[in-house]
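Here is the structure we will look at, set down as structure tokens.
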Ligand SMILES: NC(=O)c1ccc[n+]([C@@H]2O[C@H](COP(=O)([O-])OP(=O)(O)OC[C@H]3O[C@@H](n4cnc5c(N)ncnc54)[C@H](O)[C@@H]3O)[C@@H](O)[C@H]2O)c1
Ligand SMILES: N/C(=C\C=C\C=O)C(=O)O
């Protein structure tokens, strides 16, 4: 059963505990974004494969998985986490081949969190209480109410390409901990680690049909077929806001619940009373980490006027100090974008910035790379100033290694600027005046606020976006709320 990575040249669906190809024989290419070379061929699921996966997931709810005790289920999820860690290097290699991200990044974030997401929720579900109420009744004997949690059923999981294993297991971990079964449709850009996880699930003792994977695209492909399937009981989606709208519409047919983690255009607020070293280090990571392909990243930086010139100069210095290179380059701290197609989008904004009159502080184009990497989706880390607040570069999510820096004069102005867009995902506030930091944090219209930090993650906390950045919260008990149905039982005494 064990397929090493080399065998993953032909990435099949994982349905009912088996790797299966598409009946249509339709395949698409999985390309290495660091050099443009084809890594593998991937089977594109038709309605037939998606139906087989959903039927397997439905049946598994009534099989051994549905009959297991909480202890048995959570013990298996710990084994899944151990299985990922036992094959750490394979997952690392697969993730970095698919995304081009530096191994130094994926080995600290993507893969460890891929395992942790199973352990955290296996432990959480064992310790979360429900509720009970005693009530009086006219005849004086009273009644007892108590609530119990039950799995929602078959969960459709649709995940993005920027943190493929992390963001997929951030959903699959709690979904399985709560006793559900899943059908996962990973991004067409990054299929491998989701496919590989099927082997780990099998080895850990996850019964067939509990974890299913179908590959393909969105509209008119596997993604849409999954959201249109009537036997799916709920959907959890992470991706672009526009895609979230489409999925929400599909979920409405049959009244299926949705959890949406969507796009953002996050603001960093840098006050003159900040610790400049911290603010530069944090803003540099939030603008350029993962080649700027992090939903929580900062693409808008608002800096108090008195320190504006110094901040711009130092962030320029930091950006120009980044080492751009392929995953195996131990010194690289920025890889390529995920695809040439995504690079076209990012470079169109680089051009738009110039057309709109921006000052290009640094970057704005494509770096010179060695011949063997010339086919990769490389871009320069880029900083702009001088754009109008309504420039598309300042209002649209670009999802690349770039940010626009704008001065402000008052706290009220900074808050108004931060809240000026329909997005509301995350924000970072840099100030050593803790009263001010708390005051400003309470007024920013976003789901996730960091003060003097960025991407510091406690997995028990509520994670999600406001406004057009999402619906619902993941993390801690908030995930359990989505992946279970609460049932109240009232007993007349
Ligand atoms: N809020 C968060 O936690 C979070 C985290 C990571 C990424 N994101 C967002 O994700 C986006 C980048 O990821 P992406 O480009 O993969 O997003 P995307 O919306 O293009 O695709 C995400 C997933 O949805 C699928 N999909 C696309 N159209 C579909 C349809 N009509 N029906 C069903 N499935 C469909 C894709 O195949 C992919 O698997 C950015 O906007 C980023 O902000 C948000
Ligand atoms: N959901 C999480 C990260 C999202 C990153 C977005 O690109 C997480 O850390 O749990």
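Where a number appears in this text, it was derived from the coordinates with a stated rule and is not lab data. Bear in mind that the values here come from a model prediction, so they are computed numbers and not experimental data. Methodologically, a virtual Cβ is constructed for each residue, glycine included, from the backbone with ideal geometry; neighbour enumeration extends over all protein chains shown.
Under the simplified labelling scheme, the residue 366-residue 41 pair shows an inter-label distance of 2.9 nm, with each label point 7 Å from Cα along Cα→Cβ. Each residue of the range 329-479 gets 160 Å³ once the volume of the Cα convex hull is shared out per residue.
Quick check: from the Cα gyration tensor, does the range 89-203 come out rounded (a/c under 1.5), prolate or oblate? The shape class here is prolate. Kirkwood radius for the range 1-76, taken over all pairs of different Cα atoms as the inverse mean of 1/r, rounds to 14.7 Å. Dimensions of the chain from C-alpha coordinates, computed as largest minus smallest value along each principal axis and given longest first, are 72, 63, 38 Å. Among 65, 450, the ranking by other beta carbons within 10 Å of each residue's beta carbon, starting with the fewest, stands as 450, 65. Please state the shape class of the range 1-132: rounded when a/c is under 1.5, otherwise prolate if a/b exceeds b/c and oblate if not, all from the C-alpha gyration tensor. Because a/c hits 1.5 or more and a/b fails to exceed b/c, the range 1-132 counts as oblate.
Which shape class applies to the range 133-290: rounded if a/c is under 1.5, otherwise prolate when a/b exceeds b/c and oblate if not, where a ≥ b ≥ c are the square roots of the Cα gyration tensor eigenvalues?
Numbers: a/c = 1.93, a/b = 1.27, b/c = 1.51.
It comes out oblate by the Cα gyration axes.
Given R0 = 51 Å, the distance between the Cβ atoms of residue 354 and residue 255 translates into a calculated FRET efficiency of 0.60.
Counting other beta carbons within 10 Å of each Cβ, put 403, 96 in order, fewest first.
Working: 403 29, 96 24.
With the fewest neighbours first, 403, 96 line up as 96, 403.
Taking Cα centroids, how far is the range 416-462 from the range 323-366 in Å? The distance from the Cα centre of the range 416-462 to that of the range 323-366 comes to 26 Å.
Which order do the peptides 463-476, 273-286 come out in when sorted by mean C-beta neighbours inside 10 angstrom, highest first? Spell out each step's value before the answer.
Numbers: 463-476: 21.3, 273-286: 18.7.
Put in order of decreasing packing, that is 463-476, 273-286.
Among beta bridges identified by DSSP and lying wholly in the chain, the antiparallel ones come to about 40 percent. Estimated purely from DSSP H runs of n ≥ 4, each contributing -39500 (n - 2.57), the mean residue ellipticity at 222 nm for the chain is -11500 deg cm²/dmol once divided by its residues.
When 349, 483 are ordered from fewest to most other Cβ atoms inside 10 Å of their Cβ, what list results?
349, 483
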